[in-house]
Amino acid sequence: MEFTITLEQLVNGFLYLLWGCYVLIFISMVQQNTEKSEQLVNCQQKNNVLQKLNQKLNQAYEEQRKESQSSKKICEELTRLDLVKNIETKAQEIISDMNQIDENLVKMQKQHEQLFEEQKKLHSSLLREHHLLNQYFQNYT
């Protein structure tokens, strides 16, 4: 009992294998892009929350500053100044956190762009290989 494989069957098998590899690579890239997109969305949400907190702190700071100006008693002024200093410290901490989140966001966007470019290169490479295979088999037949 002999088994023979025709050239067409061999080529079809190879093309199916090549297409399967392409699909697996594409799925992997999509999953990585999805994960990076989710991380990007999370960072953007955190950034929005921190910006709102910063606005609230700025408002609280302004209120405290106005109260300290209108106050006549030294004791009350000292207490309010301490509050203002604490708010400024917290605002600076939040600003530094926001800056870090912005840097992370930029890094993630660059990684996202790099992954997208790699995906495009892989796709064009696969198309080129497919085209070369088609030319080879057309020339062969």
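Read-outs throughout are calculated quantities, based only on the coordinates presented, and are distinct from any laboratory measurement. Note that the structure is predicted; figures quoted are calculated from it, not measured. As a convention, Cβ positions derive from the backbone with ideal geometry for all residues, glycine included, and neighbour counts pool all protein chains shown.
Data overview
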{"read-out": "For the chain, built as a Gaussian network whose Cα springs stay under 10 Å, the top-fluctuating residue of GLN119, GLN100, GLN59", "value": "GLN59"}
{"read-out": "Most fluctuating residue given options LYS56, LYS46, LYS36, as computed from a GNM of the chain linking Cα atoms under 10 Å", "value": "LYS56"}
{"read-out": "Note, ³J(HN,Hα) from phi for the range 104-113, Karplus 6.51, -1.76, 1.60, rounded to Hz, x at Gly and Pro", "value": "4, 4, 4, 4, 5, 5, 5, 4, 4, 5"}
{"read-out": "Note, ³J(HN,Hα) from phi for the range 42-58, Karplus 6.51, -1.76, 1.60, rounded to Hz, x at Gly and Pro", "value": "4, 5, 5, 5, 4, 4, 5, 4, 5, 5, 5, 4, 4, 4, 5, 5, 4"}
{"read-out": "Ascending count of other beta-carbon atoms within 10 Å, so fewest first, for THR34, THR4", "value": "THR4, THR34"}
{"read-out": "Size of electric dipole in the range 18-141: Cβ of Lys, Arg +1 and of Asp, Glu -1, about Cα centre, debye, nearest 20", "value": "160"}
{"read-out": "Cross-link pairs LYS46/LYS85; LYS46/LYS110; LYS36/LYS56; LYS52/LYS110 - those with Cα-Cα distance over 22 Å", "value": "LYS46/LYS85; LYS36/LYS56; LYS52/LYS110"}
{"read-out": "Stretchable slack from GLU77 to GLN100, in nm (0.36 nm times residue separation minus alpha-carbon distance)", "value": "4.9 nm"}
{"read-out": "Residue with peak Gaussian network fluctuation, the chain [Cα springs, cutoff 10 Å], from ASN47, ASN12, ASN33", "value": "ASN12"}
{"read-out": "Shape box of the range 34-116 [Cα atoms, principal axes, largest first, Å]", "value": "63, 14, 13"}
{"read-out": "When the convex hull of its Cα atoms is projected in every direction, mean area for the chain (nm²)", "value": "12.8"}
{"read-out": "17 Å Cα-Cα reach of LYS107 towards aspartates and glutamates, excluding residues that sit fewer than 8 places from it in its own chain", "value": "GLU35, GLU38, ASP97, GLU117, GLU118"}
{"read-out": "Linear extension gain, THR6 paired with GLN44, 0.36 nm per residue minus alpha-carbon span", "value": "8.1 nm"}
{"read-out": "Calculated FRET value between ILE27 and TYR136, using beta carbons and R₀ = 35 Å, to 0.05", "value": "0.80"}
{"read-out": "Distance from the range 33-52 to the range 94-141 (C-alpha centre basis), Å", "value": "22"}
